[in-house]
Each structure stands twice: as structure tokens, then as C-alpha cells.
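J.: One structure, pasted below without further comment.
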Amino acid sequence: ENDIYNVTVNYDLGFATLTSSSSHLDIKSYQSSASFLVGQDPSPNIGAISLGNTNESKGFAQEVRLASADSGNALNWLVGAFYSDTEFSNPSDASGFFFNGLSLGSSGASEFFVSSKSTAIFANVGYDLSEQLTLTVGARYFEDDQTFGQNPASDSESFDHLSPKVSLSYALSDNTNIYASIAEGFRSGGFNNFGPGSYDAETVRTYEIGAKASLLNNRLSVAGAVFHSQYLDYQG
């Protein structure tokens, strides 16, 4: 069962456009299996088992952005904020009976869950240094508070990072552009379902040089880039 909704609203303020995007999701799946075993060599081993497993993800996300109007000015900008509240749970149950010295009746249940409340603020500013050269500077601060629970113990961790970006672009013509950029990315850490403790967040810094062009009266688009990325605490 999948329920996913999104509502996006744009409002023109004249000097800027205000955008609100609200999302809700509730995704649930259930798997069950049953098996029966009898007469297994070297001795009879009669038994039956029934398993049930549920996966459910639910959450809410809200983003608000304010972007400057496209008025042909040398300066353009964007600011915004983001919030999300999500939870994943995995309850499971098992029952069965066995023979030959083993329990004739057994049952068990287990459940683990991971909840996350994350916030972010971001900004991006572009300035035309000339008719051909544009400098863009941006940054995003992200914080993620996670809780992991499993029968009935729980643990909490918080991950945060400031990710900057700087880029230069140069218009060789109206249809051809070259650029260079340095940017950082971030992925939250988390918890090991069956191992001890949590694992660290992952960060990456990427250096990129590329070009884009439109040819044949905009019927053909061509793009190419070379980049190098440096990872820290790579999650795989």
C-alpha cells in the first residue's frame, strides 16, 4: 500500500517568487510464509513454522524557497529552508512447533525502528562579473537527529554538516558555456541493524570542469565534464 502526496504553491511577490512544497508518504508492505518439514534424515525431524514481516515508512517534508525575479539584473539569489520527519519500522513475528526433543510450541516477535528529524537552511547567490563571466556561491547547512530502537533498547545520534559550493561560468557565445566548480556533499550516518553502535556520516568534495553547447539551431545539445571526488567515511 503506497500513499504519496505533494502540494506545491508558487506566489509572485514581484521582486521574488515564494515557493512552498509539502509532501506526505505512507508506504507499507507485508510478507508472510509458512513451511512444514517431516522425515528429514538422519532422524525424523517434524516441524512447522510461520513467519510474518512488515515494513512501513511514513513521513512528512516541507520546503520553502524565496528566489529573486528574473529581471536581467547582474545579481540573482535564492534562500530556503527544509524540514522532514520520517520513521521506518519493521515488526516481525514467528510461530511454530517441532519434534524430537525440540519445543512443541514456540512463538516470538521482534521490531526495530529508525526515526529521523532533519532540518536544513540554504542560500545561493550568483553575480555577473561581466556579460560573459558569472560567479556563483552557495551553502547548505544540514542537521539530522536519528533514533534507533530494537526490543526495547534505543539509541540516538545527531549528524550535521555545512556544504559550500563555488562555481565560475564563462559564455563563449550565446549557445556555448564553459564552467568550473568546487562543491561538497553530505550523507547522514545511521545505525547498524544487527551490529553494534552507529556509523559515521559521509562527505564528498568534488572538483569539476565542463562545457555545454547548443548546436544546429538548438536541435542538438552537447555536454561534457571532467571531475574528481574525494570521499571521507565512504559508506559504500
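The values are calculated or read from the model by the stated rules, or taken from the named source; none is laboratory data. Only a predicted model underlies this, so the values are computations on that prediction, with no experimental measurement involved. Glycine also receives a Cβ, built like all others from the backbone with ideal geometry; neighbour counts cover every protein chain displayed. These accessible areas exclude ligands, DNA and RNA; they are computed on the full protein's heavy atoms, side chains included. Shrake-Rupley method; radii C 1.70, N 1.55, O 1.52, S 1.80 Å.
J.: So if each residue of separation counts as 0.36 nm, and I subtract the Cα-Cα distance between SER198 and ASP174, what length gain in nm does that give?
T.: Result for the pair: 3.6 nm of gain on full extension.
J.: Taking the Cα-to-Cβ direction at SER158 and at THR19 and moving 7 Å from each Cα, how far apart do the two end points lie in nm?
T.: In this crude label model, SER158 to THR19 measures out at 3.0 nm.
J.: Given the whole protein assembly as supplied and a 1.4 Å probe, what does the accessible area of ASP145 come to in Å², nearest 10?
T.: For ASP145, solvent-accessible area is about 70 Å².
J.: Cut-off 19 Å, label point 7 angstrom out along Cα-to-Cβ of ALA69: give me the residues of segment 1-35 whose amide nitrogen falls inside.
T.: Flagged as within label range: 10-20.
J.: If I build a Gaussian network model for the chain, linking alpha-carbon pairs within less than 10 angstrom, which residue out of GLN31, GLN150, GLN62 has the largest mean-square fluctuation?
T.: GLN31
J.: Give me the one-decimal nm value for the distance between modelled label points at SER95 and GLU1, 7 Å along each residue's Cα-to-Cβ direction.
T.: Label at SER95, label at GLU1, 2.1 nm between them.
J.: Heavy atoms only, probe 1.4 angstrom, no DNA, RNA or ligands counted: give me ARG140, ARG187, ARG65, ARG219 ranked by accessible area, highest first.
T.: Details: ARG140 95, ARG187 115, ARG65 75, ARG219 190 Å².
Sorted descending by solvent-accessible area, the residues read ARG219, ARG187, ARG140, ARG65.
J.: Give, to the nearest whole percent, the P(r) tail of segment 147-236 beyond 18 angstrom, counting all Cα pairs.
T.: On the way: 2474 of 4005 pairs.
Summing the P(r) tail past 18 Å for segment 147-236 gives 62 percent.
J.: What net charge do the residues around PHE186 carry, taking every other residue with its C-beta under 11 Å from that of PHE186, with Lys and Arg at +1 and Asp and Glu at -1?
T.: Details: positive: ARG140, ARG187, ARG205; negative: GLU143, ASP144, ASP160, GLU184, GLU202, ASP233.
My count for the surroundings of PHE186 gives -3.
J.: Solvent-accessible area per residue for the chain at a 1.4 Å probe radius, Å²?
T.: Details: 15490 Å² over 236 residues.
That works out to 66 Å² for each residue.
J.: Another one. Using a 1.4 angstrom probe on the protein heavy atoms only, line up ILE182, ILE46, ILE209 by accessible area, largest first. Write down the numbers at each step before the final one.
T.: On the way: ILE182 80, ILE46 55, ILE209 115 Å².
Sorted descending by solvent-accessible area, the residues read ILE209, ILE182, ILE46.
J.: Using only the alpha carbons of segment 57-214, determine the length spanned along each of the three principal axes and report them from longest to shortest in whole angstroms.
T.: 85, 28, 26
J.: Provide the solvent-accessible area of PHE113, counting protein heavy atoms only and rolling a 1.4 Å probe, rounded to the nearest 10 Å².
T.: Approximately 70 Å² for this residue.
J.: Also, quick follow-up: Whenever you get a sec, compute what percent of the accessible area on segment 1-82 sits on carbon and sulfur atoms (1.4 Å probe).
T.: Working: 3190 of 5600 Å².
With neighbouring chains kept in place, the figure for segment 1-82 is 57 percent.
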